[in-house]
Amino acid sequence: DNDLLQIIVIFIVIGMYFFFANTMKEYAHGPVLLLWLTFIHYLLTVLYFGIFTLLSNNSHKIGLGSFLLLFAYSLIPTLVWFIVNSVLYGLIPPPRTPSFLGKGFSVVYVSFSVGILLWKILVMYLAIRFATGFRFFRIAYSMILYLAAVIPYAFLLYSLKLFRIPFL
């Protein structure tokens, strides 16, 4: 599908999240800047996997629309995690106590976060699979190289106080 309106809707919802989160806890930088950075992260991700596909001599026909759409959908698990995190910050602000309820909340929160991470990995895998036509090991290799670039980038964003966790 090459309906770019879906991408616009996803980014409008992401923008709404940044404005909502800024009302919960004011960030060092404005929501418009964070939205633009998220859009740049998204385009860099699409560019990375597009170039990786071209360099791999893959016979799969590359469609820019499918890359854009599939990787936009891969932002949905991240969006869900960020929204839940902001709502919980408003309902149960830190610091949380070492009581039974505090520890129980921590277990539920970590379990939820791991579930969202697994959902994100699965959606990214499927996005790469459908956009590139790669098989499992090539997808794993491309994701490992992607993470090798993203992890230092995430530390840079953290040190610049732009994102504690990048919206990828």
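The values are calculated or read from the model by the stated rules, or taken from the named source; none is laboratory data. On a predicted model such as this, the values are computed, not experimentally measured, just so you know. FYI the Cβ positions are ideal-geometry reconstructions off the backbone, even for glycines, and counts take in every protein chain you see. The accessibility values were calculated without ligands, DNA or RNA, using every heavy atom of the protein model including side chains. Shrake-Rupley method; radii C 1.70, N 1.55, O 1.52, S 1.80 Å.
Its relative contact order, with pairs defined as Cα atoms under 8 Å and 6+ residues apart, puts the chain at 32 percent.
Charges were assigned to the Cβ only: +1 to each Lys and Arg, -1 to each Asp and Glu. The resulting dipole of the chain about its Cα centre is roughly 400 debye.
Taking each pair of different alpha-carbon atoms in segment 85-131 once, compute 1/r for the pair, average those values, and report the inverse of that mean as the Kirkwood hydrodynamic radius in Å to one decimal.
Details: mean 1/r = 0.0800 Å⁻¹.
When all Cα pairs of segment 85-131 are included, the Kirkwood radius is 12.5 Å.
Excluding same-chain residues fewer than 8 positions from residue 103, which lysines have a Cα within less than 26 Å of its Cα? In chain and number order, the partners are 25, 120.
For residue 136 and residue 8, a Förster radius of 30 Å and the Cβ-Cβ distance give a FRET efficiency of 0.40, rounded to the nearest 0.05.
Hey, what's the Cα Rg ratio for the chain versus the globular rule of thumb, 2.2 N^0.38 Å? If you can, show how the numbers build up before the last one.
Numbers: Rg = 17.5 Å, N = 168, 2.2 N^0.38 = 15.4 Å.
For the chain, the normalised Cα radius of gyration is 1.13.
Among the DSSP helices (H) of the chain, those spanning at least 18 angstrom by Cα along their long axis with an average Kyte-Doolittle hydropathy of 0.0 or more are 5-24, 31-55, 76-91, 100-132, 136-159; this is a geometric and hydropathy rule only. The modelled label-to-label distance between residue 107 and residue 44, using points 7 Å beyond Cα along the C-beta direction, is 3.9 nm.
Probing with 1.4 Å while keeping every protein chain in the model, the per residue accessible area of segment 83-168 equals 68 Å².
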